[in-house]
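Derivation of every value follows stated rules applied to the coordinates shown; laboratory data play no part. Only a predicted model underlies this, so the values are computations on that prediction, with no experimental measurement involved. Counting neighbours? That spans all protein chains shown, and the Cβs are built from the backbone with ideal geometry, glycine included.
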Amino acid sequence: NYPLSDRINNMSESATLAMAAKARELKSQGIDIISLSLGEPDFKTPKHIQEAGKAAIDSGKYFAYPPVSGYQDLREAIAAKLQKENNIPSSAEQIVVSNGAKQSLANVMMALLNPGDEVIVFAPYWVSYAELVKLAEATPVFVTGTLENDFKPTAEQLKAAITPKTRAVLYSSPCNPTGSVFSKAELESIAEVVKAHENLLVISDEIYEHINFGNEGHVSIGSFPGMAERTITVNGFSKGFAMTGWRVGYISAPLPIAKAATKIQGQITSGNSSIAQRAALAAITEDLKPTFEMTKIYQKRRDMMLDLLNQMPGVITNVPTGAFYIFPDISSFFGKSDGQTIIKDADDLAIYMLNKAHVSVVTGGAFGAPDCIRISYAASDDELKEAMIRMKKVLSELK
Ligand code: PLP
């Protein structure tokens, strides 16, 4: 009997990691599971980045504690990238490098929020947002986009949700789990609402910036006039550079917030792995060709997946323009049964898919969208095709 903290008792486990663990367990029993539940590129880290990691070890120069907020040359390179590619006014002092964008977000929550503060979280949202806000003893307030509007909340919806307690607005674009991408015009109208409120901040998670199939390219809200001083831009190397295991993410934030995030990080992790930082420096300063090639492949898979899903009666999709997820509405199956199992909700459907089709997906409930499931298409074409054949079959058995 080990009494645990209220903090941990009130926290949900990461649903994506939980589903991945279930899938792994069935796999270890010899069952042929196709795993489409994790947000993990199926590519290897590009060679030149691997080499930079090896060179860092061989040089013998990077075995000591690095500076808490990251090596100066990496922070300078990140600031230069943000200025050049994203038009965000930034400097090395405003950059904090962390153990993945997940820790970057956790630092920001800890640095900004007091009990009773509210953070507006655009829903559907990435699983960890709500839990990280709660960990900082603040309250997530969800503003939900509809399927008809490509799952994107509007500036009007945002305006209506702001209260005197609202500290920040948090979203990802391209979005995990919906694949939606805010247009420049949409972000401008969101920025106008934010600017009308003193002290209101935006936490803009841009970790999928490179995986964008739209014509407009990636737009950063921090580039708009008057927004740099209100925006914390979160980004990282996991997705665009297939570097999930290296654990490198970063923020660019107004200086007092960057300093506060560094202070927290100094007490929690002392900073990010030295070797991973040297690899990240190569990723950000060298050729982006491998990144663009991966994006082209994701786009082809997106097209294939849409085609296959649209052949399944009762499955409704938006057309995702970024990231590597499809987030179909499967609520037409609620109340149906295969004669044994009744599907009450998206949780049941995800479990049904795992047990009967041996395909792991994640319930939309974990992302604040209980009518949907999230399918990751960061898997090979063959796996995706086979998964969709199985999904079509088991869904057709629900009457
Ligand atoms: N933000 C979003 C929207 C994500 O999907 C993820 C990973 O799934 C992260 C942040 C965290 O990325 P990492 O901690 O690997 O940098």
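Overview of values
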read-out	value
Residue order, fewest to most beta carbons within 10 Å, for Val127, Val362	Val127, Val362
Pairwise FRET efficiency - Lys393 versus Ala21, Cβ, R0 = 30 Å, nearest 0.05	0.75
Derived scalar couplings ³J(HN,Hα) [the stretch 260-266; Karplus, 6.51 cos²θ - 1.76 cosθ + 1.60; whole Hz; x for Gly, Pro]	5, 5, 5, 4, 4, 4, x
The chain - mean residue ellipticity at 222 nm from DSSP helices (-39,500 (n - 2.57) per run, n ≥ 4, rounded to 500)	-12000 deg cm²/dmol
Amide proton proximity set for Val359, modelled H, under 5 Å, gap of 5+	Ile34, Leu354
In order through the stretch 34-41: 3J(HN,Hα) via Karplus (6.51 cos²θ - 1.76 cosθ + 1.60), integer Hz, x for Gly, Pro	9, 9, 10, 9, 9, x, 10, x
Spin-label pair Gln29/Ala64, simplified geometry with 7 Å Cα→Cβ offset, distance in nm	5.3
Fewest-first ranking of Ile31, Ile207, using other Cβ atoms within 10 Å as the exposure measure	Ile31, Ile207
The chain: most fluctuating residue of Lys27, Lys102, Lys259 per GNM, C-alpha cutoff 10 Å	Lys27
Derived scalar couplings ³J(HN,Hα) [the stretch 149-162; Karplus, 6.51 cos²θ - 1.76 cosθ + 1.60; whole Hz; x for Gly, Pro]	9, 6, 6, 9, x, 9, 4, 5, 4, 4, 4, 5, 8, 6
Gap separating the Cα centres of the stretch 188-262 and the stretch 76-139, nearest whole Å	8
Cα-derived Rg over Rh, computed across the stretch 328-397 with Rh taken as Kirkwood radius	0.95
Amide H within-cut-off set for Thr139, under 5 Å, with H built and near neighbours excluded	Gly116, Asp117, Glu118, Val119
For the chain, the longest site-free run once GluC sites (Glu not before Pro) in DSSP loop states with at most 16 other Cβ atoms within 10 Å are removed	14-136
For Leu201, distant residues with modelled amide H under 5 Å away	Ala168, Val169
Segment Ser189-Ser91, extension gain: residue separation times 0.36 nm, minus the distance between their alpha carbons	32.6 nm
Normalised convex hull volume, the stretch 49-285, alpha-carbon set, Å³ per residue	111
Pairs from Lys44/Lys239; Lys336/Lys392; Lys47/Lys102 whose Cα-Cα separation, in the structure shown, is over 22 Å	Lys47/Lys102
Using distinct alpha-carbon pairs, which all enter the 1/r mean, Kirkwood radius of the chain in Å	21.8
